[in-house]
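**Q** For reference, the structure I am asking about is given below.
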Amino acid sequence: MNSSKEIVVSGIRPTGNLHLGNYLGAVKNFVQMQHEYQCYFFIADYHSLTTHPKPADLQNSVKQVLAEYLACGINPDLCTLYVQSDLKEITELYMLLNMHAYKGELERVASFKEKVRTQPDNVNAGLLTYPVLMAADIIIHKALKVPVGKDQEQHLEMARTFGNRFNRIYGKDIFPEPFAFNYGNQLIKVPGLQSEGKMSKSDGDANVINLIDSPEIIRKKIARAVTDAGPSEPNSTPAPSVQNLFHLMKMVSEPDTVQKFVQAHADCSIRYGDMKKQLAEDMVNFLTPVREKIATLRADEAYLAKIAREGAEKAHVSAAATMKEVREAIGFPKF
Ligand code: TYM
């Protein structure tokens, strides 16, 4: 690994299986970035604890995401791939950053306000300080670029705030400013199948296409995706639900195919049934090789264990070096 390369950090919570939103919003960029940058990619298992998973489910999900990362093309020889909870330095930096993170600013974070609204019975301190933990993940390796989807933009702003604040308070220049990154220059939001919002498991399984969904499931989910009554005048704007299908089509179909359906919508000849069938077939072709690789990798527990162990060792070197600077800056005595 070339240490003069810019540093990249990103993670994904193990909340089941990766879906197309995770892939297109994040992992696809990771695969490209590992060739150009010094990358740290991890499985954010501490973050998933805010929803209290059962131990066996957590363990299974972590292994599943590891297999999915690898199946998508993350190469542990080109990057550092690890499980967050294997990196104990993260918890120390999280705790130290918490001393300078204020209740008011944390309560104003959009993702926190959303959780307060959707899960009022489980507004735990981990949820409130979620952006602090995420900042620790990023700045512990002194990252400059963080490949994420649009939903994480505010968390990146907080990471900059906490890093800058630490530098200022202790009069040191330890943490550079990290920024959200996407190759297309614009952060993306992959839409869900049933809603106008982002593709997300929290809106139910029918809303997401998982990387491991079988061809039958993919066809069924796309067939049931919400549409509108069809264009009644030429060149009308499709309803958001139909725009969603066009978005997905642009991601997995040939440009000519997309153009054919765009044109059919413009001249009112479109049949959504045909469009969905085409989208489903292109989606199946896109995902089948990935699904097959995931199954093979997931079955090889010894290989997964080796990858996680080696990744943790590599990540530890960088994290420990930063923590040495942090501890000195804070003034912990060296006896
Ligand atoms: P998480 O696990 O919710 O999502 C993982 C990544 O997938 C992206 N993503 C999407 N992108 C586009 N459209 C969608 N519908 C969509 N759904 C998910 C997310 O933007 C994210 O990039 N807090 C983070 C995990 C995390 C992290 C970090 C990320 C913890 N520490 C440090 C970067 C750096 C999260 O919950 O992502």
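The values are calculated or read from the model by the stated rules, or taken from the named source; none is laboratory data. Nothing here was measured: the structure is a model prediction, and the numbers come from that model. Cβ sites come from the backbone with ideal geometry, for glycine too, and all protein chains shown count toward neighbours. The area values use the complete protein model at the heavy-atom level, side chains included, leaving out ligands, DNA and RNA. Shrake-Rupley method; radii C 1.70, N 1.55, O 1.52, S 1.80 Å.
**Q** In Å, what Kirkwood hydrodynamic radius results for segment 1-85 from the alpha-carbon pair distances? Working shown, then result.
**A** Details: mean 1/r = 0.0761 Å⁻¹.
Final number for the Kirkwood radius of segment 1-85 is 13.1 Å.
**Q** Just for the Cα atoms in segment 246-335, what are the lengths along the principal axes, largest first, rounded to whole Å?
**A** Per principal axis, max minus min of the Cα coordinates gives 79, 36, 17 Å.
**Q** Given the options 288, 51, 237, which has the most mean-square fluctuation in a GNM of the chain, springs set between C-alpha atoms less than 10 angstrom apart?
**A** Most flexible of the set in this elastic network: 237.
**Q** Hey, got a sec? Which trypsin sites (Lys or Arg not before Pro) in segment 239-315 land in a DSSP loop and have at most 15 other Cβ atoms within 10 Å?
**A** 271
**Q** Using a 7 Å offset from the Cα along the Cα-to-Cβ direction at both residue 153 and residue 223, what is the distance between the two label points in nm, to one decimal?
**A** It works out to 3.8 nm between the two label points.
**Q** Need one number: nm distance between label points at residue 303 and residue 57, each 7 Å from Cα along Cα→Cβ, rounded to one decimal.
**A** Each label point lies 7 Å from its Cα, and together they span 2.8 nm.
**Q** Of the accessible area of segment 201-294, with the probe set at 1.4 angstrom, what percent is carbon plus sulfur?
**A** Details: 2550 of 4950 Å².
That fraction is 51 percent.
**Q** Mark the label point 7 Å from the Cα of residue 262 along Cα→Cβ and return the residues of segment 186-215 whose backbone N is within less than 18 Å of it.
**A** Residues 186, 189, 191 fall inside that zone.
**Q** Assuming R0 = 30 Å, what is the FRET efficiency of residue 4 and residue 330, from their Cβ-Cβ distance, to the nearest 0.05?
**A** The value I calculate is 0.55.
**Q** With the chain treated as a Gaussian network of Cα nodes joined by springs under 10 Å, which of 223, 71, 266 yields the largest mean-square fluctuation?
**A** Highest fluctuation of the listed residues: 266.
**Q** Once the mean 1/r over all distinct Cα pairs of segment 108-249 is inverted, what Kirkwood radius in angstroms do you read off? Numbers along the way, then the final one.
**A** Numbers: mean 1/r = 0.0555 Å⁻¹.
Result for segment 108-249 stands at 18.0 Å.
**Q** Follow-up question, since we're still on this one. Once you've got the GNM for the chain with C-alpha springs shorter than 10 Å, pick whichever of 92, 233, 36 has the biggest mean-square fluctuation.
**A** Of the options given, 233 has the highest mean-square fluctuation.
**Q** Averaged over every viewing direction, what's the projected area of the C-alpha convex hull for segment 201-294? Give it in nm², one decimal, please.
**A** If you wrap the Cα atoms of segment 201-294 in a convex hull and average its projections, you get 6.1 nm².
**Q** Let me ask another. Could you work out [θ]222 nm for the chain from helices alone, using -39500 (n - 2.57) per DSSP H run of at least four and dividing by all its residues? Round to the nearest 500 deg cm²/dmol.
**A** Only helices count here, giving -16500 deg cm²/dmol.
**Q** Taking just the alpha-carbon atoms of the chain, what radius of gyration and Dmax come out, in angstrom?
**A** Considering the chain through its Cα atoms, Rg and Dmax are 21.4, 79 Å.
**Q** Net charge around residue 52, counting only other residues with Cβ within less than 14 Å of its Cβ (Lys, Arg = +1; Asp, Glu = -1)? Write out the running numbers ahead of the final one.
**A** Details: positive: 13, 54, 115; negative: 45, 57, 121.
Surrounding charge for residue 52 is 0.
**Q** On to the next question. Starting from the Kirkwood Rh over alpha-carbon pairs, what translational D in µm² s⁻¹ does segment 225-275 have by Stokes-Einstein at 25 °C and 0.890 mPa s? Don't skip to the answer; put the middle values down first.
**A** Numbers: Rh = 10.9 Å.
It comes out at roughly 225 µm²/s.
**Q** Enter the accessible area of residue 256 (Å², nearest 10), with the probe set to 1.4 Å and all protein chains included.
**A** 130 Å²
**Q** What FRET efficiency do you get for residue 185 and residue 118 if R0 is 22 Å and r is their Cβ-Cβ distance, rounded to the nearest 0.05?
**A** 0.10
**Q** Could you work out the local net charge near residue 22, counting Lys and Arg as +1, Asp and Glu as -1, over the other residues with Cβ closer than 14 Å to its Cβ? All intermediate terms of the calculation are to be shown ahead of the outcome.
**A** Working: positive: 13, 28, 150, 189, 198, 201; negative: 68, 151, 213.
So the environment of residue 22 carries a net charge of +3.
**Q** State, as an integer percentage, the relative contact order of the chain based on alpha-carbon contacts under 8 Å between residues 6 or more apart.
**A** Once divided by the residue count of the chain, the mean separation gives 22 percent.
**Q** Can I ask one more? For the chain, what does the accessible surface come to per residue with a 1.4 Å probe? Please give it in Å².
**A** 49 Å²
**Q** Among DSSP beta bridges whose residues both lie in the chain, state the antiparallel percentage, nearest 5. Walk me through the numbers on the way to the answer.
**A** Values: 2 of 16 bridges.
Roughly 10 percent of the DSSP beta bridges within the chain come out antiparallel.
**Q** Using the Kyte-Doolittle scale, which helices in the chain average at least -1.0 and also have C-alpha atoms spread 27 Å or more along the helix axis, with helices defined as whole DSSP H runs?
**A** Helices meeting the span and hydropathy rule in the chain are 272-298, 301-330.
**Q** P(r) for segment 92-152, please, calculated from all Cα pair distances in 5 Å bins and given in %.
**A** 4, 16, 25, 22, 20, 9, 2, 0
**Q** Give a quick list of chymotrypsin sites (Phe, Trp or Tyr not before Pro) in segment 42-104 that DSSP marks as loop, anything other than H, G, I, E or B, with at most 15 other Cβ atoms within 10 Å. Mind dumping the intermediate values first?
**A** Details: sites: 42, 46, 69, 82, 94, 102; in loops: 102.
Those satisfying the criteria are 102.
**Q** Given Cβ point charges of +1 (Lys, Arg) and -1 (Asp, Glu) and nothing else, what value in debye, to the nearest 20, does the dipole of the chain about its Cα centre take?
**A** The calculated dipole for the chain is roughly 460 debye.
**Q** Tell me which cysteines of the chain come out unpaired when the rule is another cysteine's Cβ under 4.7 Å.
**A** Cys with no partner Cβ under 4.7 Å: 72, 268.
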